[in-house]
Each structure stands twice: as C-alpha cells, then as structure tokens.
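Visitor: I have a structure I would like to understand better, so I am pasting it below and will then ask my questions one at a time.
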Amino acid sequence: MSSMTKPRKAWVLIIVGAVMTLGSGVTGFVWLNRVPDLHPVSFGERLELTATGSGTVTIFTSTGQSSAPTCRVTTHDGGEVVLGEPHRYQQSEGMESSYGFTGTSGTTYTVSCESPGQIGRFAVAEVSNFPKAVFVTVGSLGLLLCAAGGVLAWRKRHTPAAQSV
C-alpha cells in the first residue's frame, strides 16, 4: 500500500461520516418541524377525515385560548374515539397540536371541537411518524466512519516509516 493511500482513505472516511451524521441531524430536524397542511374551521363545525394510513392523527386548535377546547371524535358508525396527548407538540400559523389519536387506514372520523364563550378554529391532520431508528442508525454509522478514519489517520502518523536498505 502506498504511503498516500492510507491518509486518503482516512480523509474519505472522515468526510463521508461527517456528511452522513450532519445530514441525518439536519434532515431529522426538518422532519420534526414540518407541520401538515391545515384547513381550519370554526369551533362548533364538524370535520371529516378518512385516514389514508394507520398512524397518528392530530387535532390542532387555535393558540391563546384561556381554556382547552373540548373535542369529540367518532367513527363513521358512531363509535367514540378516545383522545390523548398529541404524538408531538407542533405549532404553526396560530394553531397548536392539542389532541391526538391513532387512526386506522380507510376509517372515516368525524371531529368537532367547541369552547363555550371563545372564538377559535380547529383542524385535523394525519401526522407522519418520525422514523427515529433510521436517523439514529445513519447518524451512528456516520460517527463510526469518522472514528475509523481518525484511527486510520492516527495509525499512519504513528507508524514508523519503513527504512530503505
């Protein structure tokens, strides 16, 4: 192996690893901060949503309310859906995630929200799940490549040069 091959490989590993780690971090940050398109209606109205996939559905309500609005979700056959905390908190355009539930693909949900004495709006959206394992794996692999490149460069610096005879 030539004397230039090891340092070049080390730098390639370091650069590729850094790009993978930073790319994973930036992409994850952008993914976590994106809010779905919202089409709000006034409190007291009803919205229907037919889930396109099985996953998280979030109810967004107007920010700045003195008390949380009361929301009710039913399936098309009248079954009551239990609401919980939103999968993750998001805020955009005067709306914030207030409630969440798990939707089933193909099921139609009717959502209504009200807050007596308060004017406000609400919207419903399917929120894509954040693939944590993918981002952690890619970021970790990037860190490992950086470390391998660093070790390779360190070994090259600290390996005595072969002496000519």
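Yes or no, residue by residue, for (1) at positive phi; (2) surrounded by fewer than 16 Cβ atoms within 10 Å (Cβ to Cβ); (3) modelled with pLDDT of 90 or more:
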| site | (1), (2), (3) |
| --- | --- |
| ARG121 | no, no, yes |
| ASN129 | no, yes, no |
| ALA133 | no, yes, no |
| GLY142 | no, no, no |
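Visitor: Which members of segment 66-77 meet the condition of being surrounded by fewer than 13 Cβ atoms within 10 Å (Cβ to Cβ) and not small (Gly, Ala, Ser)?
Guide: HIS76, ASP77
Visitor: Here is a check on your reading of the model: is TYR109 among the hydroxyl-bearing types (Ser, Thr, Tyr), closer than 16 Å to GLY53 by Cβ and either open to solvent by less than 20 Å² (accessible area, probe 1.4 Å) or assigned to a strand (DSSP E or B) (or both)?
Guide: For TYR109, the condition - among the hydroxyl-bearing types (Ser, Thr, Tyr), closer than 16 Å to GLY53 by Cβ and either open to solvent by less than 20 Å² (accessible area, probe 1.4 Å) or assigned to a strand (DSSP E or B) (or both) - is met.
Visitor: List every residue pair whose Cβ atoms lie under 8 Å apart, where the two residues are 6 or more positions apart in sequence or sit on different chains, the first residue falls within segment 134-152 and is within 10 Å of VAL16 (Cα to Cα) and in a helix (DSSP H, G or I), and the second residue, located anywhere, is open to solvent by 90 Å² or more (accessible area, probe 1.4 Å) and not aliphatic (A, V, I, L, M).
Guide: Taking only residues 6 or more apart or on different chains, the pairs are GLY149/LYS9; GLY149/TRP11.
Visitor: Being within 15 Å of the chain's Cα centre (by Cα) and modelled with pLDDT of 90 or more is the filter here; which residues of segment 20-78 pass it?
Guide: VAL57, THR58
Visitor: Considering each residue of segment 106-129, count those that are under 11 Å from VAL57 (Cα atoms) and hydroxyl-bearing (Ser, Thr, Tyr), and give that number.
Guide: Result for segment 106-129: 2.
Visitor: Separate question: If you scan segment 12-65, which residues turn out to be under 30 Å from ALA153 (Cα atoms), open to solvent by 40 Å² or more (accessible area, probe 1.4 Å) and out of contact with any helix residue (DSSP H, G or I) (no Cβ under 6 Å at 6 or more places or on another chain)?
Guide: Within segment 12-65, VAL12, ILE15, VAL19, LEU22, GLY25, VAL26, THR27 qualify.
Visitor: Part of a strand (DSSP E or B), surrounded by 14 or more Cβ atoms within 10 Å (Cβ to Cβ) and of a type in the set (Asp, Glu) - does that describe any residue in segment 78-97?
Guide: The answer is yes, given that some residue of segment 78-97 is part of a strand (DSSP E or B), surrounded by 14 or more Cβ atoms within 10 Å (Cβ to Cβ) and of a type in the set (Asp, Glu).
The values are calculated or read from the model by the stated rules, or taken from the named source; none is laboratory data. Computed from a prediction, not measured in an experiment: that's the story for all the values here. A quick note on method: Cβ atoms are made from the backbone with ideal geometry, for glycine too, and the neighbour counts reach across all protein chains shown. To get the accessible areas, we keep the full protein, side chains included, count just its heavy atoms, and leave off ligands, DNA and RNA. Shrake-Rupley method; radii C 1.70, N 1.55, O 1.52, S 1.80 Å.
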